[in-house]
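The values are calculated or read from the model by the stated rules, or taken from the named source; none is laboratory data. Quick caveat: nothing in here was measured; it's all calculated off a predicted structure. Cβ coordinates were reconstructed from backbone atoms using ideal geometry, including for glycine residues, and neighbour counts include every protein chain displayed.
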Amino acid sequence: MSFKSVKEPEKNVRVIEFGCDRKTFDEAVTAVYRRKAPKLTVPGFRPGKAPQHFIEKMYGSGIFYEDAVNDMIPALYPDALKESGLTPVSQPEFDLVELNDEGLTLSAKFFIKPEVKIEGYKELSVKKVVNEVTDEAVDSEIKTVRERNARSIEITDRPAKTGDTVKLDYSGTVDGELFDGGTAEDQTLELGSGHFIPGFEDQVAGHSIDEEFDVNVTFPEDYGAKELAGKAAVFKCKIRAINEKEIPELDDDFVADVSEFNTVDEYKADVRAKLEKREADRADNEAKDAIIDKLTEALDADIPACMFDNEVNAELQSYDGRLRSQGLSLDMYIKYTGLTLDQMKEQFRPSAERQVKLRLALEKIAELEKVEVSDEEVDAEYEDIAKSYNMKAEDVKARIEAEDVKADLKVKKAMELVEASTTYTAE
């Protein structure tokens, strides 16, 4: 005996009652007695030798009841939940309903998914614009590759100019006094990069190696160090070295070095094809985002807050996993950024709410459209998951229920159905 009844005290909330007969409960009590008796002090008895009834008489008849109930919950609740046919979306709150000669009755209160309505999902119209890839875009992409493969050449016969990288000694003063962070030796600086105070790099250009000169600048009003904000400063500078980028020519030799092609024309054609693919993917992603927005707006459901909370926590856990793959952790990230966990949850909440609404919308569409998933499709999905995680399919099956895989595939098919029925416009 386990499941007894289900009640609906409020919208999207269910309470199931379940339990066991008295004999089963008494056996659980005896098991607790055997586990705890060695830790109880009973006058006249060695540890663990006092009879159960004697301990109950001394400490009270219910001394073992709470532990017995806690032991019974994981034994009884899963079967009762399965028999109820309900799917919780929150952790259950357990309570003792009754304990008498007939047996034990417990209750579990939890939220369930809301009733969902959605209309018009086959009549969507979204903007989708694939921009033309111009010759200028191709040339710009190739220029980036050329600059990435540039050589650094030491310059000794001319002054520094914008675009050069210099090694620089400098010492800065405000009102004739040195200030923290204003002095450095062999500082590497690319002239024109904008990494230093506005006007600094322009004044370094034009000077030669070992030449000593002054740079006069004014710190911005919004400068990070408040004691320097808006102040005029003088930097005494000396260039130690000048290096110039030598960008390789775009010729067949360069193409052979940086790609699998042998001629400039072949390389340009490949760059264009990749840019066109990138542009098409961008347009597809923006159109899909627009579809998602329309689906979530069309959703009519009173969604329990716990569903959003669960998704926020899941996204945080996923983010923590990505951080750990980079040698960090969520705790370290919070420490370094100065954010609190609650502030991070607020940052994740909009995307979490969107994801929950989208899932509910697609599940309802799959139901309305009677979307089916075959066992062969489930097996194929297991294989894909196994490959992506470099695991055996059998190990994946042991971790993920087939019904969960089937549910995900139904949602995926529902999205494909919506996308196929959407009208795409250029305006």
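Would you call Ile112 among the β-branched types (Val, Ile, Thr) and over 26 Å from Ala301 (Cβ atoms)? So Ile112 fails the test. In the set Gly199, Gly230, Gly194, Gly181, only one residue is touching a residue at least 12 places away in the same chain (Cβ under 8 Å), at positive phi and touching an Asp or Glu at 6+ places or on another chain (Cβ under 9 Å); that residue is Gly230. Scanning segment 104-127 for residues that are farther than 30 Å from Lys357 by Cβ and basic (Lys, Arg) turns up nothing. On the stretch given as segment 37-59, residues that are in a helix (DSSP H, G or I), surrounded by fewer than 11 Cβ atoms within 10 Å (Cβ to Cβ) and of a type in the set (Lys, Arg) total 1.
Selection of segment 302-312 for residues being under 11 Å from Val356 (Cα atoms) and either polar (S, T, N, Q) or outside any helix (DSSP H, G or I) (or both) yields Ile303, Pro304, Asn310. The set of residues in segment 5-29 that are more than 17 Å from Glu93 (Cα to Cα) and either outside any helix (DSSP H, G or I) or touching a Phe, Trp or Tyr at 6+ places or on another chain (Cβ under 8 Å) (or both) comprises Cys20, Asp21, Val29. For segment 311-331, which positions are over 13 Å from Leu341 (Cα atoms) and among the hydrophobic types (A, V, I, L, M, F, W, C)? Answer for segment 311-331, where residues must be over 13 Å from Leu341 (Cα atoms) and among the hydrophobic types (A, V, I, L, M, F, W, C): Ala314, Leu323, Leu328. Thr156 meets all of the listed conditions (1) of a type in the set (Val, Ile, Thr); (2) under 21 Å from Asn12 (Cβ atoms); (3) loosely packed, with under 12 Cβ neighbours inside 10 Å but one, namely (2). Each residue in segment 105-160 was checked for being β-branched (Val, Ile, Thr) and touching a Phe, Trp or Tyr at 6+ places or on another chain (Cβ under 7 Å), and 1 pass. Annotation note: of Ala398, Ala393, Ala366, the sole residue that is at negative phi and modelled with pLDDT of 95 or more is Ala366.
Yes/no matrix, rows are residues, columns are (1) loosely packed, with under 15 Cβ neighbours inside 10 Å; (2) touching a residue at least 12 places away in the same chain (Cβ under 8 Å):
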| residue | (1), (2) |
| --- | --- |
| Lys357 | no, yes |
| Ile365 | no, yes |
| Glu369 | no, yes |
| Arg399 | yes, no |
| Asp404 | yes, no |
| Lys410 | no, yes |
| Ser421 | yes, yes |
| Ala426 | yes, yes |
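Looking across segment 7-36, the residues that are among the aliphatic types (A, V, I, L, M) and surrounded by fewer than 16 Cβ atoms within 10 Å (Cβ to Cβ) come down to Val13, Ala31.
Within the set of pairs 6+ apart or on separate chains, which have a first residue in segment 310-327 that is surrounded by 13 or more Cβ atoms within 10 Å (Cβ to Cβ), a second that is aromatic (Phe, Trp, Tyr) and part of a helix (DSSP H, G or I), and C-beta atoms under 8 Å apart? As it stands, the answer is Val312/Phe348; Glu315/Phe348; Leu316/Phe348; Tyr319/Phe348; Leu323/Tyr333, since those pairs meet every condition given.
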